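The values are calculated or read from the model by the stated rules, or taken from the named source; none is laboratory data. Values in this document were obtained by computation on a predicted structure and should not be read as measured data. Cβ: placed from backbone, ideal geometry, glycine included. Neighbour counts: every protein chain shown.
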């Protein structure tokens, strides 16, 4: 049989374009289908994998009984007997009482280390750990850190425990899926899912680095883990920001990269050992930039006071602006506090400061913050009293006298000018200066008289500056304020 060859018509350019678009659309649909399949249709497998490492925590505390109607009515009041009789009808209030609290935690090693929040176990006489299997074990406190609200517990067991590992919280992105596990409202083991809503949140602590999440976190979830989809702990569920004090609100988990440093120290030392620089600092504001030689942007941390300690030994001065610490740029006070706190005690670090328009590198051997927190600040060398009073930049100023030092509760040798009045229409008033404040420096130089201040103002005007940097002590706390000096 003879075969015939049929010539197919060659597609036109328009037909070829249509075929190409159709193929591209099919490829996109296929790619979207594959991506959709990559999303978790269920968290069940992950929850089943990590649940055995999550624990419920029950604590018991002995509370002293009341001894009578103190605080209800004044002692000797005719109503005192009435209230005592009323209390006696309710039983013996003098007897100690047991109270209990609930929380969550998670196992981080097969030999029984458990992480939770400090506030879950703080003051507890007895800590009971309940595992997913229903087994219960008593726990002891290895160490705790109120600053980050983290505690490390230990249970003793002959069998290796299922545990989870920490992940890198710095890789958690806004929008990533996360899972919270714990014991919400005392209802037992519970799982909730959500996303990372925000990063780098701070609530009240110096070392705060919270992950904000919309995964449901309620009372009882405290101390429980926040997991990524790899089953790694990226946070410890710690706080709820609520408009009404209840459980409904915004959930926060302390980032795992903060927690791991604390846990390692608690495991090794039973306490935290944070680096200490030994300075009082404040943020650099926009209006300070023009008043400080060599400063172009509002960044760094300005030193307001240098008590006895590592920084003073290294030659740091009030008025220095810390630009870098241990090779890393300093963005602000919060950043510096975290950098110093994460540095090892005893480490010699290089700190770059801006002073008199030039940068200087100082080598500082860090102390330990926990040891130094209650160290008293010594007095500054004194100067003779010089009674005079003058109105400058909206402030009525007079040199600090011995009587004023006693009245204001400042150290015996402190020098400076006392604010005895403030013009309420002035910039000084807008920036929070009030009667009783003390100006100790102007232009980053000591003040002992009104003439000193006038000289600093003249020098600043001659240098073409529009503002002058003042070091002000309000209630004993130092801060820098830039005031306009234009005539």
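Observations, loosely collected:
- Candidates 231, 220, 200, 235 - the one that is outside the structural domain of residue 341 (by TED's automatic domain parsing) and surrounded by fewer than 16 Cβ atoms within 10 Å (Cβ to Cβ): 200
- Enumeration of residues in the range 167-178 that are under 17 Å from residue 115 (Cα atoms) and crowded, with 19+ Cβ neighbours inside 10 Å: 167, 169
- Unmet criterion (only one of (1) modelled with pLDDT under 95; (2) buried (at least 17 other Cβ atoms within 10 Å of the Cβ); (3) over 18 Å from residue 184 (Cα atoms); (4) touching a strand residue (DSSP E or B) at 6+ places or on another chain (Cβ under 6 Å)) for residue 108: (1)
- Of the residues making up the range 120-170, those that are under 14 Å from residue 103 (Cα atoms), assigned to a strand (DSSP E or B) and more than 24 Å from the chain's Cα centre (by Cα) are 126, 127, 128, 129, 130, 139.
- Some residue of the range 327-350 being touching a residue at least 12 places away in the same chain (Cβ under 8 Å), closer than 20 Å to residue 471 by Cα, outside any loop (DSSP other than H, G, I, E, B) and outside the structural domain of residue 458 (by TED's automatic domain parsing): yes
- Flag if residue 262 is in contact with a strand residue (DSSP E or B) (Cβ under 8 Å, 6 or more places away or on another chain), outside the structural domain of residue 120 (by TED's automatic domain parsing), modelled with pLDDT under 90 and on the phi < 0 side of the Ramachandran plot: no
- Matching option when the condition is more than 18 Å from residue 444 (Cα to Cα) and modelled with pLDDT of 90 or more, among 365, 396: 365
- Subset of the range 307-336 [crowded, with 21+ Cβ neighbours inside 10 Å and either at pLDDT below 90 or on the phi > 0 side of the Ramachandran plot (or both)]: 319
- Selection within the range 289-304 - surrounded by fewer than 20 Cβ atoms within 10 Å (Cβ to Cβ) and either touching a strand residue (DSSP E or B) at 6+ places or on another chain (Cβ under 9 Å) or outside the structural domain of residue 360 (by TED's automatic domain parsing) (or both): 289, 290, 293, 294, 295, 298, 299
- Remark: pairs (first residue in the range 209-222, at negative phi; second residue in a loop (DSSP other than H, G, I, E, B) and at pLDDT 90 or above; Cβ separation under 8 Å; 6+ apart in sequence or on different chains) = 211/172.
- Per-region count, the range 92-104, residues touching a strand residue (DSSP E or B) at 6+ places or on another chain (Cβ under 8 Å) and either modelled with pLDDT of 95 or more or loosely packed, with under 14 Cβ neighbours inside 10 Å (or both): 5
- Among the candidates 403, 385, the residue that is modelled with pLDDT under 85, in contact with a strand residue (DSSP E or B) (Cβ under 7 Å, 6 or more places away or on another chain), more than 21 Å from residue 480 (Cβ to Cβ) and not assigned by TED's automatic domain parsing to the domain that holds residue 321 is uniquely 385.
- Scanning the range 446-467 for residues that are surrounded by 15 or more Cβ atoms within 10 Å (Cβ to Cβ) and outside any loop (DSSP other than H, G, I, E, B) turns up 446, 450, 452, 453, 455, 456, 457, 460, 467.
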